[in-house]
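Visitor: Handing you this structure, nothing more for now.
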């Protein structure tokens, strides 16, 4: 991590935090806040979502996204969409304009055109470092999460607001050169002034992926979930989050075991570790409590403290 690269990542993270904070500060809904935060992160080319998405084996960008309103349990998601500038916006349209929850592939793109969603050409999604990752992965015959061992992961983001006290958190696990997996996804969770919760998550998936692979991000309950108890966004190796139904697992432990948000999230990550999964999650409850557990070496994270002061951190010690 060079100082210059760290400054870029922190700057992109702060932009996302401000986007969500501005919505909450004006009394906006948690749903609008998580969408705004994720859109900002999708637009930033260093994050593995939207513009910075990784390449498939065929050299294409296939993106997944999900959004959920905890107050109504309405949800929408999309899988392996192409050339959609902001997949999280399309996921919200699935939630609000259809009777479905998940649309995928060509059908999702057709729906996007009918809805007038903004598209971008292939050049918009091309980033040199992502293409170099694809070439290396092809050469080595591997499928990777979003970055090489020598490159920091993308940023995920979380937001929380209750009355006048606001705490915003964003997290992204990453692995050092000695780590086993490389992790990338962006996401947001929020609690607005009415105590309503929402979560949104977006990803470019895995470098060199084949066969239309879909991870946990667009699977409601696995990588993204919100109800009246908590809102959760996950990041990590998606296959394990699907096996553990990780996002919903936090809510279930709170509901059925009467655990606090922190304890429920901690137990959920312990279970993820037990099934050999690596990653983390961000979660907020209806009282504005926030927790950010993970089982890897660090997380990109940020917050808006009381008074609108933004903070960010990378490593376990909070630096």
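The values are calculated or read from the model by the stated rules, or taken from the named source; none is laboratory data. Owing to the predicted nature of the structure, the values given are computational and were not obtained by experimental measurement. We place every Cβ from the backbone using ideal geometry, glycine too, and count neighbours over all the protein chains shown.
Residues are listed down the side, and each one gets a yes or a no for (1) touching a helix residue (DSSP H, G or I) at 6+ places or on another chain (Cβ under 8 Å); (2) modelled with pLDDT of 95 or more; (3) part of a loop (DSSP other than H, G, I, E, B):
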| residue | (1), (2), (3) |
| --- | --- |
| 20 | yes, no, no |
| 35 | yes, yes, no |
| 59 | yes, no, yes |
| 78 | yes, yes, no |
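Visitor: If you check residue 231 against the conditions, is it closer than 22 Å to residue 289 by Cβ and free of Cβ contacts under 8 Å to residues at least 24 places away in the same chain?
Guide: Numbers: closer than 22 Å to residue 289 by Cβ: yes; free of Cβ contacts under 8 Å to residues at least 24 places away in the same chain: no.
Criteria not met by residue 231.
Visitor: Being part of a helix (DSSP H, G or I), at pLDDT 95 or above and farther than 18 Å from residue 304 by Cβ is the requirement here; does residue 90 meet it? It would help to see each step written out before you state the result.
Guide: Numbers: part of a helix (DSSP H, G or I): yes; at pLDDT 95 or above: yes; farther than 18 Å from residue 304 by Cβ: yes.
Spelling it out, residue 90 is indeed part of a helix (DSSP H, G or I), at pLDDT 95 or above and farther than 18 Å from residue 304 by Cβ.
Visitor: Residue under question is residue 29, and the condition is that it be touching a helix residue (DSSP H, G or I) at 6+ places or on another chain (Cβ under 9 Å) and within 21 Å of residue 228 (Cα to Cα); does it hold? Working first, answer last.
Guide: Details: touching a helix residue (DSSP H, G or I) at 6+ places or on another chain (Cβ under 9 Å): yes; within 21 Å of residue 228 (Cα to Cα): yes.
Against the criterion (touching a helix residue (DSSP H, G or I) at 6+ places or on another chain (Cβ under 9 Å) and within 21 Å of residue 228 (Cα to Cα)), residue 29 qualifies.
Visitor: Got a number for residues in the stretch 289-319 being in a loop (DSSP other than H, G, I, E, B), in contact with a strand residue (DSSP E or B) (Cβ under 8 Å, 6 or more places away or on another chain) and surrounded by fewer than 18 Cβ atoms within 10 Å (Cβ to Cβ)? Walk me through how you get there before you give the answer.
Guide: The first filter runs over the stretch 289-319 and keeps only residues in a loop (DSSP other than H, G, I, E, B), leaving 289, 292-293, 295-297, 306-308, 316-319.
In the following step, the residues that additionally are in contact with a strand residue (DSSP E or B) (Cβ under 8 Å, 6 or more places away or on another chain) were identified as 292-293, 295-297, 306, 308, 316, 319.
Now narrow it down to the ones that are surrounded by fewer than 18 Cβ atoms within 10 Å (Cβ to Cβ): 295, 297, 306, 308, 316, 319.
Going through the stretch 289-319 one residue at a time, the tally reaches 6.
Visitor: Right, here's the next one. Would you be able to say whether some residue in the stretch 272-281 is assigned to a loop (DSSP other than H, G, I, E, B) and in contact with a strand residue (DSSP E or B) (Cβ under 6 Å, 6 or more places away or on another chain)? Lay out the reasoning, then the answer.
Guide: The first filter runs over the stretch 272-281 and keeps only residues assigned to a loop (DSSP other than H, G, I, E, B), leaving 275-278.
Subsequent filtering for residues that are in contact with a strand residue (DSSP E or B) (Cβ under 6 Å, 6 or more places away or on another chain) retains 278.
Among the residues of the stretch 272-281, at least one is assigned to a loop (DSSP other than H, G, I, E, B) and in contact with a strand residue (DSSP E or B) (Cβ under 6 Å, 6 or more places away or on another chain), which makes the answer yes.
Visitor: Still on this structure, I have one more. Taking the condition of being closer than 16 Å to residue 122 by Cβ and in a helix (DSSP H, G or I), how many residues in the stretch 43-57 meet it?
Guide: The total comes to 3.
Visitor: Checking the structure you have, find out if any residue of the stretch 175-190 is in contact with a helix residue (DSSP H, G or I) (Cβ under 9 Å, 6 or more places away or on another chain), assigned to a loop (DSSP other than H, G, I, E, B), at pLDDT 80 or above and under 22 Å from residue 71 (Cα atoms).
Guide: Scanning the stretch 175-190 turns up no residue that is in contact with a helix residue (DSSP H, G or I) (Cβ under 9 Å, 6 or more places away or on another chain), assigned to a loop (DSSP other than H, G, I, E, B), at pLDDT 80 or above and under 22 Å from residue 71 (Cα atoms).
Visitor: Here is a follow-up. Quick one: residue 135 ticks every box in (1) touching a strand residue (DSSP E or B) at 6+ places or on another chain (Cβ under 7 Å); (2) at pLDDT below 95; (3) assigned to a helix (DSSP H, G or I) except a single one, so which number is it?
Guide: All conditions pass for residue 135, except number (1).
Visitor: Looking for something modelled with pLDDT of 50 or more and in a helix (DSSP H, G or I) - is there at least one such residue anywhere in the stretch 139-160?
Guide: yes
Visitor: If you scan the stretch 1-18, which residues turn out to be in a helix (DSSP H, G or I) and in contact (Cβ under 8 Å) with a residue 60 or more places away in the chain?
Guide: Taking the stretch 1-18 first, the residues in a helix (DSSP H, G or I) are 3-18.
5, 6, 9, 10, 12, 13, 14, 16, 17, 18, listed by residue number.
Visitor: A further question follows. Under 8 Å by Cβ, and 6 or more places apart or on different chains, what pairs join a residue from the stretch 114-133 that is more than 11 Å from residue 84 (Cβ to Cβ) with one that is modelled with pLDDT under 90 and assigned to a helix (DSSP H, G or I)?
Guide: Close Cβ pairs (under 8 Å, with a partner that is modelled with pLDDT under 90 and assigned to a helix (DSSP H, G or I)) amount to 127/52; 130/52.
Visitor: Do we find that residue 92 is closer than 17 Å to residue 30 by Cα and within 18 Å of the chain's Cα centre (by Cα) in this structure?
Guide: Working: closer than 17 Å to residue 30 by Cα: yes; within 18 Å of the chain's Cα centre (by Cα): yes.
Yes.
Visitor: Among the numbered conditions (1) in a loop (DSSP other than H, G, I, E, B); (2) closer than 19 Å to residue 214 by Cα, tell me where residue 117 comes up short.
Guide: Tallying (1) in a loop (DSSP other than H, G, I, E, B); (2) closer than 19 Å to residue 214 by Cα, residue 117 fails exactly one: (2).
Visitor: Then there is this: Between 240, 248, which is in contact with a strand residue (DSSP E or B) (Cβ under 6 Å, 6 or more places away or on another chain), modelled with pLDDT of 90 or more, over 21 Å from residue 20 (Cβ atoms) and surrounded by fewer than 24 Cβ atoms within 10 Å (Cβ to Cβ)?
Guide: Numbers: 240 fails: in contact with a strand residue (DSSP E or B) (Cβ under 6 Å, 6 or more places away or on another chain).
From the options 240, 248, the qualifying one is 248.
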